[in-house]
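**Student:** Just passing along the structure, written as structure tokens.
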Amino acid sequence: MGRETVGSANQGRLRVGVRTEGSSEILTPAGELDHHTAELLREPLEAAIAQGRARLVVDCSELEFCDSTGLNVLLGARLKAEAAGGAVHLAAMRPAVARVFEITGASVVFEIHDSLEAALTR
């Protein structure tokens, strides 16, 4: 992603793939998760929970950036999923994204897996 898009309202900076596999709803955000793009992930997370699919797996392998707004979207989804008897599993985080979770301490409240496969078998 070029610097010209940083801070812009260009929602093309994030795409979110969604699919169901077994009892898991798999969401794959690709690009930058920040203040301008957070709704693009929040909406399918909340829709899955509303439809009774509370075991959420977020495949972070294509997520290049996550700021505090993105982190708050995931934390909010975790609370709603847990209230519905589920959980949020994060898989295959890139080092820059994993660092945000480590610095903030959020890594201790999520199920974090090295790969999507590991998240799905847990």
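**Student:** In the chain, what % of DSSP beta bridges are antiparallel (nearest 5)?
**Tutor:** Working: 8 of 22 bridges.
DSSP beta bridges in the chain are roughly 35 percent antiparallel.
**Student:** Continuing with the same structure: Post the alpha-carbon centroid distance, the stretch 88-122 to the stretch 8-61, in whole angstrom.
**Tutor:** That distance is 15 Å.
**Student:** May I ask you to compute the full-extension gain from Gln51 to His35, defined as 0.36 nm times their residue separation minus their alpha-carbon distance, rounded to one decimal in nm? Please report the intermediate quantities before stating the final value.
**Tutor:** Working: separation 16, 0.36 × 16 = 5.76 nm, distance 2.56 nm.
Result for the pair: 3.2 nm of gain on full extension.
**Student:** Considering only protein heavy atoms and a probe of 1.4 Å, how much of the accessible area of the chain is carbon and sulfur, as a whole percent?
**Tutor:** Values: 3120 of 6190 Å².
The computed percentage sits at 50.
**Student:** Still on this structure, please answer the following. In percent, how large is the relative contact order of the chain, given Cα pairs closer than 8 Å and 6 or more residues apart?
**Tutor:** Working: 217 pairs, mean separation 27.0, N = 122.
Once normalised by length, the contact order is 22 percent.
**Student:** Just the ratio, please: alpha-carbon radius of gyration of the chain over 2.2 N^0.38 Å, N its number of residues. Present the calculation step by step, with values, prior to reporting the outcome.
**Tutor:** Numbers: Rg = 13.4 Å, N = 122, 2.2 N^0.38 = 13.7 Å.
In units of the globular-protein estimate, the chain measures up at 0.98.
**Student:** Residues of the chain: accessible area per residue at 1.4 Å, in Å²?
**Tutor:** Numbers: 6190 Å² over 122 residues.
Using a 1.4 Å probe on heavy atoms only, each residue of the chain averages 51 Å².
The values are calculated or read from the model by the stated rules, or taken from the named source; none is laboratory data. Remember, it's a predicted structure, so these values are computed and weren't measured experimentally. Side chains included, ligands, DNA and RNA excluded: accessible areas come from the protein's heavy atoms. Shrake-Rupley method; radii C 1.70, N 1.55, O 1.52, S 1.80 Å.
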